[in-house]
Amino acid sequence: MISVKVNKADPTDLYEQVAAEIRRAIADGEAKPGERLPAAKDLAAVLGVNKNTLLRSLQLLRNEGLLEFRRGRGITVTGTPERGVVVTKARELVELGRKYGYRLDELVEILEDVA
């Protein structure tokens, strides 16, 4: 089982602390791509956090491309921390582009121009 520590006295939201610790475990090789995480209820119990808090953390990591959820197979590590950072920045770019009226194809064109 991966080693994750949270500090309930820390002002950072618990779900963000849990997500950061799981990112660290992936970065340190403690949880490698292809490995399954423990069941959410077990992981929540070990961490001493509510299952919903843990699920929010896992969803965040899924959105970053680090985890994959499969019915009947659990939660699997699928990415690296570097990929998570790139996915997060790409989402930010899409949001910024939408704010300023850019379509997705225009954003792709901009990326190709700067690449």
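Out of the residues in the range 33-60 that are out of contact with any helix residue (DSSP H, G or I) (no Cβ under 8 Å at 6 or more places or on another chain) and charged (D, E, K, R), which is nearest to Thr80 (Cα to Cα)? Going through the qualifying residues, I end up with Glu35. Taken together, Gly84, Gly48 contain a single residue that is buried (at least 18 other Cβ atoms within 10 Å of the Cβ) and of a type in the set (Gly, Ala, Ser), which is Gly84.
Values in this text are rule-based calculations from the coordinates and carry no lab data. Every value quoted in this text rests on a predicted model; they were computed, and no experiment measured them. FYI the Cβ positions are ideal-geometry reconstructions off the backbone, even for glycines, and counts take in every protein chain you see.
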